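One structure below.
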Amino acid sequence: MVTKHFKVFISVLLCLVMVFALTGCGNQTKESLSVLNYKSGSYQASAQGYKGPVTVEVTFDTNAIVGAKVISHMETAGIADTPIERIPQMFVDNQSLKIEAISGASKTSNAILAALADCVIQAGGDLEVLKNAELKSVKAGETVEMTADIIVLGGGGAGMAAAYSATGKGASVVVVEKTAALGGNTLRSGGGFNSAGPQYGRNWIQNDQMTTLVQSYIDLPAKNEKMAEWQKTVDKQFKEHLSSGATNLFDSEEFHMLQTYVEGDYIGNPDMIELMCKDAKDLLTWAESIGGIFDFESKGVLGMGSIWPRAYSLIGGHGKGGGLFIDYMKKSMEGKEIDYVMEVAANELIVENGKVVGAKGTKTDGTPYIFHANKAVIIATGGFTANVEMREKYNKKWEYIGEKLPISGSPANTGDGHVMAEKIGAKLIDMSEIQLQPLATARTGALQFVAMPSSPFINQDGLRFTSEAGRRDVMSAAILAQPGGYMYQVCSPQNSWVSDGITKTGDNLERMIADGDVFRADTLEDLAKQLNIDPITFVKTINEYNAAVKAGKDPLTGRISFTELDLIEDFGPYLAHKISPSVHFTMGGIAVDTDLRVLDQNDNIIPGLYAAGEVSGGFHGGNRVGGNAITHIFRTGLNAGINASSNN
């Protein structure tokens, strides 16, 4: 006779058996997960990635996952390559969904994982079991030690430029990159950079309004000797330009310096600004030397927040942005003495007898790395836009800069270089100067150029409210002050940045429309209705904007920078991109001298240590002029590589 107590004992025993069967004693094996009893077959599912849907296909037999792969996506080449290759394979090898996102590609990684989970549900699997199934243990390896003349921390635009110039001087180089892809924010950028000088036939005329604007910079009270020197030079250059009878827009390196300093609220270091702007035209020659091609005859556009039309972009960059520079540099360094160490986060600088002689880091699997520098270490780790704690710690500029505000750059930009340098006594400057990027997609915070940056801004009331050619901080603040904290950027075919259905930044237009980020209509009236804006008000606003374009001066906002490309045409299709600001750039960083050598708290040089790119402070002041980032990145990167290679 079976007693009640025996039945309870059997029930408890069965429960324990089931617990051990599902959790095991450590790693899950395929055999221990066979209780899942899948419906055999192949299943497909999609989830939203960074730029569009990521679609996977998974094949199951009755008790195991036997295959998985990504079959289509719209993600950025380079950034997305590693998660696309690695995550499906980890899913199969481990029979688990307890997989962490790949650093620097979290949105792509999470989309793949979500799509894989969808397939599991379709196959009748137990999702919770797979989410809790431990991965096969990955043990940290023995300490890896590497030695080179130059150790570059960060494989973005500045780090790659430093490696390029250092190898060009015959130095051996190790590039240490935190993520699984080279490129950093440069890979995510539009790729345009400022270079003052002749406009190469661009469609900009020296009209009365532009003349008045140039003169206004000349007439400003000088804040210091350097500014007075720039003003004196620009005054002479401008008078010569006007007396020559030239009709093209005036520009010069000194005017670039003056505008950068003034529009940065006089906060930037004049010596750093001069370093960035002087001979910036040589960057065009350098870019051509590594394979880049420029269209100097194009009409050109006014870059977002660039104040003056002097930005250049590579031909072939549509949909690729700054990624072309990374491709060209890497190809140019083939055969040189260079190693790329990926997915290793540098976390400590090694100092001996007061000199930086190397760095330490940790790979994603926990393996420790030690890098020995025969000559120098170059920090090129980018800014701290993705570090909410640091943003909030230093912010004095914005009412809110917390976690609810999205970023438009790399999620790997967490201020690692700032922290490492400060720990050994380096000075940090201008850390409160954090820039918002005004033209991010409202829903995601992604930088997705659908229209030319100078295209009209329309709020939910159907009205324009700020100059589209203004400073980035001014435009961002104005957008945040609108109803709902967003606006629409409107364009017609000629000022659309969409070609063959792909935006300037490589995004699929149809997907953006399906997601509600972009609206399209054949008439302005229909577009207004889609936006829930009064059509009469909307059309009146566009007509008034067009009148300002034709007059070359806008009485509403004071904007005077217009070309014929800015005109909204009388035919569609028309597009409206829903926009809201995102955290984009940190102007503050490590203090350096004009040789990019890192300075300590007393402005003394820290031997053996250089900094380049966004991590280096003093170049932009309180507002980064649009187009100056890539100029800053390449000038400091190239110079740091050359100077560090000469360090004895």
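Since every read-out is calculated from the coordinates, none of them should be taken as a lab result. Here the structure is a predicted model, which is why all the values come from computation and not from measurement. All Cβ positions, glycine included, derive from the backbone under ideal geometry; neighbour counts span all protein chains shown.
Here the contact order of the chain, divided by its residue count and restricted to Cα pairs under 8 Å and six or more residues apart, works out to 18 percent.
Evaluated with a Cβ-only charge set (Lys, Arg +1; Asp, Glu -1), the chain carries a dipole of roughly 960 debye about its Cα centre, given to the nearest 20.
Tilt of helix 157-168 relative to the longest C-alpha principal axis of the chain, in degrees (0 to 90, nearest 10)? Long axis of 157-168 versus the principal axis of the chain: about 80 degrees.
In terms of other Cβ atoms within 10 Å, His241, His418 run from fewest to most in the order His241, His418. Distance from the C-alpha centroid of segment 239-285 to that of segment 585-648: 19 Å, rounded to the whole angstrom.
Other residues within the sphere of radius under 11 Å centred on the Cβ of Phe457, judged by their own Cβ, net out at +1 (K and R +1, D and E -1). Evaluated with a Cβ-only charge set (Lys, Arg +1; Asp, Glu -1), segment 435-585 carries a dipole of roughly 460 debye about its Cα centre, given to the nearest 20. Calculated mean residue ellipticity, 222 nm, the chain: -10000 deg cm²/dmol, from DSSP H runs (n ≥ 4) at -39500 (n - 2.57) each, averaged per residue and rounded to 500. Rounded to the nearest 20, the Cβ-based charge dipole of segment 197-343 about its Cα centre (Lys and Arg +1, Asp and Glu -1) stands at 340 debye. Bridge orientation summary for the chain: considering DSSP beta bridges with both residues in this region, about 70 percent are antiparallel. Since only Ile205, Thr541, Ser40 are under comparison, the one whose Cα sits farthest along the positive direction of the charge dipole of the chain, derived from C-beta charges on Lys, Arg, Asp and Glu, is Ser40. Taking a Cβ cut-off of under 15 Å around Glu389, the surrounding Lys, Arg, Asp and Glu residues balance to a net charge of -1, with basic ones at +1 and acidic ones at -1.
Think of the chain as having a plus end and a minus end, set by charges on the Cβ of Lys, Arg, Asp and Glu; of Phe585, Ile293, Val262, Phe585 sits farthest toward the positive end of this dipole.
Each Lys or Arg adds one and each Asp or Glu takes one away; over the other residues whose Cβ falls under 12 Å from the Cβ of Cys119, this sums to 0.
For Lys69, a cut-off of 23 angstrom between C-alpha atoms picks up these lysines, skipping any fewer than 8 places away in its own chain: Lys30, Lys39, Lys51, Lys98, Lys107, Lys131, Lys136. Taking Cα atoms only, the orientation of helix 253-263 departs from the longest principal axis of the chain by about 70 degrees.
The angle between the Cα long axis of helix 323-332 and the longest principal axis of the Cα atoms of the chain comes to about 80 degrees, rounded to the nearest 10. Any idea what the relative contact order of segment 435-585 is, in percent, if you count C-alpha pairs under 8 Å spaced at least 6 apart? Relative contact order for segment 435-585 comes out at 38 percent.
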